[in-house]
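This report refers to the structure that appears directly beneath it.
The values are calculated or read from the model by the stated rules, or taken from the named source; none is laboratory data. None of the values given here were measured: they were computed from a predicted structure. Cβ sites come from the backbone with ideal geometry, for glycine too, and all protein chains shown count toward neighbours.
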Amino acid sequence: MSGKALALLRGGPLVNAILAKIRELAPKAVEAVGQAPIKIMDFCGTHEYTITHYGLRSLMPPEVELVAGPGCPVCVTPAFYVDTAIKLSLEGVRVYTYGDAYKLPGSGRPGGGIRSLEEARAAGGDVVVVYSILDAIRRASREGKDSVFLAVGFETTAPATAAPVVRGMLPSNLTIINVHRLTPPIMRYTFERHRENPIRGVIAPGHVSTIVGAKAWRFVVEDYGIPTVVAGFEPVDVLLAVMEILRQLSRGEPMLVNEYSRVVTWEGNRTAQKMIAECCDVVDAAWRGIGFVPESGLAFRDKYRIHDALLQYGIREPGPDEWSYDLPPGCRCAEVTLGMARPTDCPLFMKVCTPGTPYGPCMVSSEGTCAVWARFGGGGLAEEIARGIGLK
Amino acid sequence: MCLGVPALVKAVRGDVALVDFGDGVEREVLGATYEDVKPGDIVIVHAGVIIEKLKDEKLDELLRMLNEFREDLEKKADELLRSLSYPSEPTYGG
Ligand code: SF4
């Protein structure tokens, strides 16, 4: 993107023009809906970053509330898989992982043993952070060591796992802990949880949409009547999405629109979709602190089970009946993930739990809502601190 | 985690592509995940994998609309919002 284009997308005059329109539309939307504030949810950690980093929440009129939804795949990775990776690394199996999952706590408690792959490495475990699965494939082929790859992520990341599997690129000494999760099912689940005070607009995840296509969100409009905009990640993209949602609400005409057409197509990346479908079945899957969500995960199809690390090492995954709550005591990450609580509602936020010493999973990944708020003071954090010390 | 970064494709070798993220350093990424990647394409790379191509003309179109919007807020607002809909597909409910 040229510097000029970027300046325009982040620029003041345009932002002001869009904000003026948002302010004009907001009361009309409230009137049409009959409830205030209008709750608009983003489903992508990068959108939450844009909203928080550029202070967009503070620019909203009082009628509009921007809420962070389940947009961080690291945050929802069940503790079981982290614990499994830690155990393998300490038993001499090399664990490759993306940087985002390196500090992710498993079920261990602070001071009560090894909590993360980072701590496992400090204790002599064999853990290597890689930028991409290609790096893991190369190293595993070269070094011949028994290795696993901890594969977390939504649809955006699933092709990185599926492509090497279906292309036969994996060496026999590298298997995969497949913890990929799918976004449409958790979106449905989230809508149900917000029945009392419904979500009125959806800013659909931009990079997930590159894979699944804008069409993946039709159900939001058709089944729930919620205006939905697939948006890019510049401040103007997000503001345009809010403006469009308010316009639709004020007219009572929910639609699905694709604001991010410079990257996202209606059909999505069919090559990647085919690879994912060839590699994996859709299965009921556990989400951290939330439990099993129907048809929300990917598992290797029988013909590729040979690449499944859990099978390889004889580890049995807990089923729905065996699932137990897997957040550390007091951590409200599940509610934060589902947009039912804000990070500042958690008594541990920025006290016990900080980006340097994350207590819960939402404080780890750069896209975890707690981590984003911690770094950029999201959603009135400054005001709350001011109130807390009696300045307001 | 779902961050996508634009890069310029320099060369394609089977399933692997050489890309430049703008710092002049060429890096290998997995290109098998996108049909028809060619040198000169601007692609979106996520976790070392090409997930999409950037359609420059769409960005130009958006920027042109935004510029006009700024110049003539009231008149252009509806037009701009209409332009957001993906053109070849039906819209829903209205
Ligand atoms: S601040 Fe920390 S402990 Fe509280 S919900 Fe967020 S991640 Fe959990």
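Looking across the stretch A:260-280, the residues that are among the hydroxyl-bearing types (Ser, Thr, Tyr) and more than 7 Å from chain B (Cβ to nearest Cβ) come down to A:Tyr260, A:Thr265. For the stretch A:328-344: of the residues being free of Cβ contacts under 8 Å to residues at least 60 places away in the same chain and near the ligand (Cβ under 8 Å from one of its atoms), which is farthest from the chain's Cα centre (by Cα)? So the residue we want is A:Gly330. One residue stands out in the stretch A:25-46 among those that are among the charged types (D, E, K, R) and within 14 Å of another protein chain (Cβ to nearest Cβ): the one that is farthest from A:Gly69 (Cα to Cα), namely A:Lys28. Restricting A:Cys370, A:Cys331 to residues that are farther than 20 Å from A:Glu155 by Cβ and part of a helix (DSSP H, G or I) narrows the list to A:Cys370.
Taking the numbered list (1) within 8 Å of the ligand (Cβ to nearest atom); (2) not in a loop (DSSP other than H, G, I, E, B) in turn, A:Val282 passes all entries but (1). Criterion applied to B:Glu61, B:Glu35 was being at pLDDT 70 or above and more than 26 Å from A:Gly45 (Cα to Cα), and the one residue passing it is B:Glu35.
With respect to the numbered conditions (1) away from the ligand (no atom under 12 Å from the Cβ); (2) buried (at least 17 other Cβ atoms within 10 Å of the Cβ), which one is the sole condition not fulfilled by A:Val364? Of (1) away from the ligand (no atom under 12 Å from the Cβ); (2) buried (at least 17 other Cβ atoms within 10 Å of the Cβ), only one is false for A:Val364: (1).
What number of residues in the stretch A:263-279 are part of a loop (DSSP other than H, G, I, E, B) and surrounded by fewer than 21 Cβ atoms within 10 Å (Cβ to Cβ)? Let's see the steps before the verdict.
Going through the stretch A:263-279, the residues part of a loop (DSSP other than H, G, I, E, B) turn out to be A:263-269.
Restricting the remaining residues to those that are surrounded by fewer than 21 Cβ atoms within 10 Å (Cβ to Cβ) gives A:266-267.
Of the residues in the stretch A:263-279, 2 are part of a loop (DSSP other than H, G, I, E, B) and surrounded by fewer than 21 Cβ atoms within 10 Å (Cβ to Cβ).
Out of curiosity, is A:Val74 outside any helix (DSSP H, G or I) and either more than 25 Å from A:Ala341 (Cβ to Cβ) or within 20 Å of the chain's Cα centre (by Cα) (or both)? For A:Val74, the condition - outside any helix (DSSP H, G or I) and either more than 25 Å from A:Ala341 (Cβ to Cβ) or within 20 Å of the chain's Cα centre (by Cα) (or both) - is met.
Given the options A:Arg142, A:Arg138, name the one that is surrounded by fewer than 23 Cβ atoms within 10 Å (Cβ to Cβ), within 12 Å of chain B (Cβ to nearest Cβ) and either basic (Lys, Arg) or within 16 Å of the ligand (Cβ to nearest atom) (or both). Talk me through it step by step, then tell me what you get.
Values: A:Arg142 fails: within 12 Å of chain B (Cβ to nearest Cβ).
Only one candidate qualifies: A:Arg138.
When the stretch A:149-177 is filtered for residues that are over 21 Å from A:Val82 (Cα atoms) and more than 9 Å from every other protein chain (Cβ to nearest Cβ), the ones remaining, listed by number, are A:Val165, A:Gly168, A:Leu170, A:Pro171, A:Ser172. Only a single item in (1) part of a helix (DSSP H, G or I); (2) more than 8 Å from chain B (Cβ to nearest Cβ) is not met by A:Lys215, and it is number (2). Does the stretch A:299-311 contain at least one residue that is assigned to a helix (DSSP H, G or I), in contact (Cβ under 8 Å) with a residue 12 or more places away in the chain, away from chain B (no Cβ under 14 Å) and within 16 Å of the ligand (Cβ to nearest atom)? Taking every residue of the stretch A:299-311 in turn, none turns out to be assigned to a helix (DSSP H, G or I), in contact (Cβ under 8 Å) with a residue 12 or more places away in the chain, away from chain B (no Cβ under 14 Å) and within 16 Å of the ligand (Cβ to nearest atom). For the condition more than 14 Å from chain B (Cβ to nearest Cβ), crowded, with 19+ Cβ neighbours inside 10 Å, within 16 Å of the ligand (Cβ to nearest atom) and in a helix (DSSP H, G or I), A:Thr84 does not qualify.
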